[in-house]
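Structure first, then comments.
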Amino acid sequence: MEQEIMADIQSQATAATSTSSGPAAMQLRNVAVSFNGRTAVRNCTFDVGKNRVTSLIGPSGSGKTTLLRALNRLHDLTPGAKVSGEILLEGVDVYRGDITATELRARVGMVFQRPNPFPTMSIYDNVISGLRFNGIKKKSLLDAAAESSLRSAALWESVENRLKVPASNLSGGEQQRLCIARALAMDPEVLLMDEPTSALDPIATLRIEELMTTLKSRVSVVIVTHNMQQAARISDDCAFLLMGEDRTGELIEFDTTEKIFNNPDDSRTLDYTLGRFG
């Protein structure tokens, strides 16, 4: 019986693909991640819609952050980590094509759970750090990128007269928006966000949520969140992951957020969004 249940779960997960008729920013095909031979997440197949917000939801341990970090090869830094399947960016497999990790991380930016600006650097230097790392030195270009990115992150008006002060002087919410600006300065195609508001107060959380809704006109967003209300408010598409009996995370269902929250195909999805387990 257990094998039949697991086979059924795998069948559903493999068949779960984006229902969006629009173009895809990234495509995941049967993606799995393992560490030292132990699989942490598997059977992930769906499209990240271009200029849409895609949320990854599910209980702790279901593989959301593990999957998110695979999208820009952060597991390259972890001994014993292996990513299988295909993760396509503009049709190129990011693990097996000719794209380097540095190039990928410029095109697929990352914002972490806790704000992580470089504390000894100024606000300005934080924003342009990636550009400088990639060899851009012309001051006019750096200035323009800093202002544009800070405006896009809804931070310019509050910092334009203190760009040279240390980033550590900013509030937690401002530091998170600074990290978003730092990622946007690279002009990414996709922005990954790992629970970006979990360490913030309600006012700062609201500002980040409003920012994500605005940003999708410029960049495709993938967000991990444990907040069901947040996922329902800000995302267009939603992937639900769940830990199987062998303690491996799997994709259970992927669809538009409206369908996931109102009429999912799998009863476990409805149980989770209604708070019946977590």
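The values are calculated or read from the model by the stated rules, or taken from the named source; none is laboratory data. Just so we're clear, the structure is a prediction, and the values are computed from it rather than from any experiment. Virtual Cβ from ideal backbone geometry, glycine too; neighbours counted across all protein chains shown.
When you go through (1) surrounded by 20 or more Cβ atoms within 10 Å (Cβ to Cβ); (2) at pLDDT 95 or above; (3) of a type outside the set (V, I, T) one by one for D125, which number turns out not to apply?
(1)
Looking at (1) among the aromatic types (F, W, Y); (2) touching a Pro at 6+ places or on another chain (Cβ under 8 Å); (3) surrounded by fewer than 23 Cβ atoms within 10 Å (Cβ to Cβ), can you tell me which one F240 breaks?
Of everything listed in (1) among the aromatic types (F, W, Y); (2) touching a Pro at 6+ places or on another chain (Cβ under 8 Å); (3) surrounded by fewer than 23 Cβ atoms within 10 Å (Cβ to Cβ), F240 misses just condition (3).
State all residues of the range 54-90 that are among the hydrophobic types (A, V, I, L, M, F, W, C), closer than 17 Å to L241 by Cα and in contact (Cβ under 8 Å) with a residue 60 or more places away in the chain; if no residue qualifies, say none.
Correct list: L56, I57, L67, L68, L71.
Select from the range 219-255 the residues that are β-branched (V, I, T) and over 22 Å from T197 (Cα atoms) and write down the one among them that is farthest from the chain's Cα centre (by Cα).
The qualifying residue farthest from the chain's Cα centre (by Cα) is T248.
If you take the residues in the range 37-90 that are outside any loop (DSSP other than H, G, I, E, B) and acidic (D, E), which one is surrounded by the most Cβ atoms within 10 Å (Cβ to Cβ)? Talk me through it step by step, then tell me what you get.
Initially, the range 37-90 is screened for residues outside any loop (DSSP other than H, G, I, E, B), giving 38-49, 53-57, 64-70, 74-77, 81-89.
Adding the requirement that they be acidic (D, E) leaves 47, 76, 86.
Details: D47: 22, D76: 14, E86: 17.
Checking each candidate, the answer is D47.
Based on this model, can you work out whether V159 counts as more than 22 Å from T65 (Cα to Cα), surrounded by 14 or more Cβ atoms within 10 Å (Cβ to Cβ) and at pLDDT 95 or above? If you could, list the steps in order and put the result at the bottom.
Working: more than 22 Å from T65 (Cα to Cα): yes; surrounded by 14 or more Cβ atoms within 10 Å (Cβ to Cβ): yes; at pLDDT 95 or above: yes.
So V159 passes the test.
Taking K164, is it of a type in the set (K, R) and either under 21 Å from T45 (Cβ atoms) or without any contact (Cβ under 8 Å) to a residue 12 or more places away in the chain (or both)?
no
Among the residues of the range 52-90, what is the count of those that are of a type in the set (G, A, S), out of contact with any Leu (no Cβ under 6 Å at 6 or more places or on another chain) and over 11 Å from V222 (Cα atoms)?
Qualifying residue count, the range 52-90: 7.
Got at least one residue in the range 106-113 being touching a Phe, Trp or Tyr at 6+ places or on another chain (Cβ under 8 Å) and of a type outside the set (D, E, K, R)?
Looking through the range 106-113, none of the residues is touching a Phe, Trp or Tyr at 6+ places or on another chain (Cβ under 8 Å) and of a type outside the set (D, E, K, R).
Check whether at least one residue in the range 236-254 is within 27 Å of W156 (Cβ to Cβ) and in contact (Cβ under 8 Å) with a residue 12 or more places away in the chain, and report yes or no.
yes
Please verify whether the range 140-151 includes one or more residues that are under 23 Å from the mean Cα position of the chain (by Cα) and exposed (fewer than 15 other Cβ atoms within 10 Å of the Cβ).
There is at least one residue in the range 140-151 that is under 23 Å from the mean Cα position of the chain (by Cα) and exposed (fewer than 15 other Cβ atoms within 10 Å of the Cβ).
Quick check, is F133 among the aromatic types (F, W, Y), in contact (Cβ under 8 Å) with a residue 60 or more places away in the chain and closer than 24 Å to S220 by Cβ?
No.
For the range 91-122: of the residues being free of Cβ contacts under 8 Å to residues at least 60 places away in the same chain and polar (S, T, N, Q), which is surrounded by the most Cβ atoms within 10 Å (Cβ to Cβ)?
S122
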